[in-house]
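In what follows, a structure is listed as C-alpha cells, so that the remarks can point back to it.
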Amino acid sequence: MSEEKSSSESKDVFGDSALTVLPKSEIRSTLNVFFVYMGVLAVMAAFWAGSTLGTMFDATTILYVTLIGDVILGVFGFFIATIGGYARVTTYMITRQCFGKVGSIIANLMVSAVPLIIWFAVETWFFGMVMTTIFPDAWWASIAIASLWGGALMTLASFFGYKVISSISYITVPIWFVLALVIFAVVIDTRGGLTALFSAVPPTYGTIGAGITFTVGVYAAGCVTASDVGRYGEKPWGSGLAWAIQVIVFMTLMLFIAGSLMLLTGNPNVAGAMAAIGMGLGALFFALLAQVTTNDVNLWGSYLSWVSIIGKGKRGVWTIVIGAIGTVAAYLWATVAGASMAMFMNFGGLLGNFIPPVGAVMIADFWIFRRYVLGIKDPRQRYQYGRGTKYSLVNWPAILAMLIGGGLSYYTSMINFFVPVLNGIIISMVIYLGLAIPLHKGGVKYESGTWVERETGF
Amino acid sequence: MSDIAKLKKNINLVFLIFLVLNLVAIAISATGSIRTLYLFAIIGGMAAIVSVFSLIRLSLAASTTMVGRAAMQGLWVNCSMALGYFLTAPSSYFASSAIVWGVGFIAGGVVFVVSIYMLIMVRRTTGVPLSI
C-alpha cells in the first residue's frame, strides 16, 4: 500500500511480461481468454475430482455440492481475474502491492510457485494413468514411462508461451467438451439411463462442507492466479466474466459427469470408457489434449511466479527446468504410488484450505481498501508499476490474514464446522480489513521496509 | 476489389460451404443408426451454428481487425469440431454404414484442411494473430 507513481516503464526481459505491465499489442479478445481458461478446465483431473465426489454423494447432491463450490470459485475468481484486467500484471505483481515484496514471495510460494509444479506432476501422472488404461500391454504406456514422455510434450507446449497455449486451446477445447458430453450420453445409454443414475448411492456419505471445500480446492490455485490469464483480456470485466462462466457452467458440468460415471460404472476414467467402446484413437487424442492444454498453463503459471521471485532467467529456461522437475516427480510418484488416489484427495483438500485466503486478501485490498479507504475510484489507478515504484517489504495485516485464514480453514475442516473454504475466505478478509483500516486511519505504521522496482521490473 | 474485400468474400463462401457440408453430413447420418444421427447432430450442429454466427459477425464487421477476428474464431471452432468425425469413427457403439462415415470423413476432412489454410490466409491478409 506504500507504492508511489512509477517514474518510467520497465523493460520486459523475462518474457510474457512476467514483471511488467502488459503492452497493448499483447491484449487478446475475451473469447481468447475464455478458451484458455476452458483449456485449463479440460483435463482428466477434473474427472478424477468429480469421481471423488461420486464416492461421497448421490447424483443430486453432487450437483448441489459442485454448484455451490463452483459459484464460490466463480465469484471469487471473477474479482481476481478482473484485477488482472485492470492492472495488466501477473498475480505475483498484484500480491507485491498487497503483501509487500517479501510477503508476495511467501504468498506466491503458497499459491503458484510450488502448487503449480505439484499440479504439473499430478497431471502428468494422470496422463500416465490414462495411457496405461487404454494400452494396458504396451511398455511405452506404463504409468511411469508415459509420465516421462507426456511430461516432455507438455513442457514443449509451454516453452513457446501464451500465444501457443491459446492457439492449442482454440483447437482442442470445443471438441474436448463435445466428446465429454458424448461419452456421458453413451454411459447413461448403456447403464440403465437417468433413472439408474439418480437412484445410485455411494458406499458412504461425506459431509457437504467437505465436498464444497474439495471442489474449491481442486481449482483454488487456478482461481487465485486467474489474473495471469485475465490480464490479457481486452475488457477487464470480460476476463472476470470468462472465468465465472467457465467455472460455474462448465466445471459444474464436468464434475457432475465424472461423479455420474463413478456412480454408474465405478470408474471415472472417461478415456478408458471411450477405449472400451472402440474409440482407441479418440481416447488417446482426448487424453493427450486434455493434459496438454492444462499442464502447459500450470507450467507457464509456475514460471511466471518463479521468475518473479528470483528475478533471473527467461521463459524457455524456466519452463524446461520446472517441466523437468515436474516430470521426474510424476515418474517417481508413479513408481511409488502407482494408481493410488489417496495423495490426490489429500492434496485437493489442503489447497482448498490454504490458497483461497491469499485471494481473499487480494480482493479485500483492491476492491475495498483502495476503493473506499484510500478513495481511489478508478480501478486502473489502484496499482501502479514501473521503474522507481516503491513497495513495502512486508505488509503485516496481509500476512497475518493469509496465515490465520488458512490455519482456521484447515482447523474447521478437521472439526467439520460450516464450509471450511468459506471460513478461510471470510476470516482472512475480516482480519485484513479489521487490522489495516484502523491502523491506517490511526496513522500507525503497519508495513516494514522498502523495495524499489528496477528497470527489469524486479 | 481490395485484398480485405476479397478475403471477406472468400471467408463468407468458406463458412457457407462448411454450413452445407455439416448439414449434408447430418442428413446422411439419418439413413444410418439413431446413435450416429445424434452424434452427427451434435458435431455438425455445433459447427453449423458457429458458421452461421460467423457469417453474421462478418456481415457486421466494419474494420479489417473485426473481419480477421470473426474469421479466425469461427475457423478455429470449425477446425476443432471437424476432428470429431475422425475421433468417433472407429467406435463400434456408433456403428453405421460406410456411406455415412464416408460423408462424415469428407465433411470433416474438407473443413479441417480449408480451416487451416484460411487461418493462415487471414493471418497474412489482416495481420490479426492466430491466437486472437
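The values are calculated or read from the model by the stated rules, or taken from the named source; none is laboratory data. Everything numeric here is computed off the predicted structure, so don't read it as measured data. FYI the Cβ positions are ideal-geometry reconstructions off the backbone, even for glycines, and counts take in every protein chain you see.
A few remarks follow.
- Taken as a whole, the stretch A:161-173 holds no residue that is on the phi < 0 side of the Ramachandran plot and outside any helix (DSSP H, G or I).
- Of all residues making up the stretch A:191-236, the number that are within 24 Å of the chain's Cα centre (by Cα), part of a helix (DSSP H, G or I) and of a type outside the set (Val, Ile, Thr): 14
- Of all the criteria given as (1) assigned to a helix (DSSP H, G or I); (2) small (Gly, Ala, Ser); (3) under 23 Å from A:ILE168 (Cα atoms), the one not satisfied by B:ALA27 is (3).
- Looking only at residues in the stretch A:157-206 that are within 13 Å of A:GLY39 (Cβ to Cβ) and more than 10 Å from chain B (Cβ to nearest Cβ), the one that is surrounded by the fewest Cβ atoms within 10 Å (Cβ to Cβ) is A:ALA157.
- Annotation note: of B:LEU37, B:LEU87, B:LEU83, the sole residue that is part of a helix (DSSP H, G or I) and more than 11 Å from chain A (Cβ to nearest Cβ) is B:LEU37.
- Scan of the stretch A:298-318 for residues that are within 14 Å of A:ALA226 (Cα to Cα) and among the basic types (Lys, Arg), ordered by number: none
- Hey, B:SER131 farther than 30 Å from A:ALA273 by Cα, outside any helix (DSSP H, G or I) and not hydrophobic (A, V, I, L, M, F, W, C) or not: yes
- Residue match in the stretch A:134-141 (condition: touching a Leu at 6+ places or on another chain (Cβ under 7 Å) and either assigned to a helix (DSSP H, G or I) or modelled with pLDDT of 85 or more (or both)): yes
Residues checked against (1) of a type outside the set (Asp, Glu); (2) within 29 Å of A:ALA210 (Cα to Cα); (3) in contact with a Phe, Trp or Tyr (Cβ under 8 Å, 6 or more places away or on another chain):
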| site | (1), (2), (3) |
| --- | --- |
| A:SER17 | yes, no, no |
| A:GLU26 | no, no, yes |
| A:SER29 | yes, no, no |
| A:PHE34 | yes, yes, no |
| A:TYR37 | yes, yes, yes |
| A:ALA45 | yes, yes, yes |
| A:VAL65 | yes, yes, yes |
| A:PHE79 | yes, yes, yes |
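- Residue in the stretch A:357-370 that is modelled with pLDDT of 90 or more, under 14 Å from A:PHE79 (Cβ atoms) and in contact with a Gly (Cβ under 7 Å, 6 or more places away or on another chain) present: yes
- Residue check: B:LEU21 meets all listed conditions (1) away from chain A (no Cβ under 14 Å); (2) more than 20 Å from A:ILE175 (Cα to Cα) but one, namely (2).
- One residue stands out among those in the stretch B:90-109 that are among the β-branched types (Val, Ile, Thr) and touching a helix residue (DSSP H, G or I) at 6+ places or on another chain (Cβ under 6 Å): the one that is nearest to the other protein chains (Cβ to nearest Cβ), which is B:VAL100.
- For the stretch A:366-414, the tally of residues that are part of a helix (DSSP H, G or I) and within 20 Å of A:ILE106 (Cα to Cα) stands at 16.
- Here A:SER51, A:SER2, A:SER25, A:SER17 are screened, and the one residue that is on the phi < 0 side of the Ramachandran plot, modelled with pLDDT under 90 and part of a loop (DSSP other than H, G, I, E, B) is A:SER2.
- Every pair of residues 6+ apart whose Cβ atoms lie under 6 Å, when the first sits in the stretch A:34-47 and is over 14 Å from A:TRP243 (Cα atoms) while the second is among the polar types (S, T, N, Q): A:VAL43/A:THR294
- Exclusive hit being among the hydrophobic types (A, V, I, L, M, F, W, C), within 14 Å of chain B (Cβ to nearest Cβ) and either crowded, with 24+ Cβ neighbours inside 10 Å or within 15 Å of A:ALA49 (Cβ to Cβ) (or both), set A:ALA226, A:ALA271, A:ALA221, A:ALA276: A:ALA271
- Boolean, B:GLY44 is part of a helix (DSSP H, G or I), over 30 Å from A:ILE27 (Cα atoms) and within 14 Å of another protein chain (Cβ to nearest Cβ): yes
- Among residues of the stretch B:38-52 that are of a type outside the set (Ser, Thr, Tyr), those with a beta-carbon under 8 Å from a residue that is crowded, with 23+ Cβ neighbours inside 10 Å and not in a helix (DSSP H, G or I) at least six positions away or on a different chain give the pairs B:LEU39/B:PHE94.
- From the options A:PHE250, A:PHE256, residue that is more than 14 Å from chain B (Cβ to nearest Cβ), surrounded by fewer than 24 Cβ atoms within 10 Å (Cβ to Cβ) and within 18 Å of the chain's Cα centre (by Cα): A:PHE250
- A single entry from A:ASP16, A:ASP70, A:ASP12, A:ASP58 fulfils the requirement of being surrounded by 24 or more Cβ atoms within 10 Å (Cβ to Cβ), out of contact with any Pro (no Cβ under 6 Å at 6 or more places or on another chain) and acidic (Asp, Glu): A:ASP70.
- Only one of the listed residues (A:SER239, A:SER302) is in contact (Cβ under 8 Å) with a residue 60 or more places away in the chain, assigned to a helix (DSSP H, G or I), among the hydroxyl-bearing types (Ser, Thr, Tyr) and more than 22 Å from A:MET154 (Cα to Cα). That residue is A:SER239.
- Qualifying residue in the stretch A:106-127 (condition: over 20 Å from the mean Cα position of the chain (by Cα) and either of a type in the set (Ser, Thr, Tyr) or in a helix (DSSP H, G or I) (or both)): no
- Each residue in the stretch A:96-117 was checked for being surrounded by fewer than 24 Cβ atoms within 10 Å (Cβ to Cβ) and at pLDDT 85 or above, and 7 pass.
- Odd one out for A:PHE57, checked against (1) more than 30 Å from A:THR204 (Cα to Cα); (2) outside any helix (DSSP H, G or I); (3) not acidic (Asp, Glu): (1)
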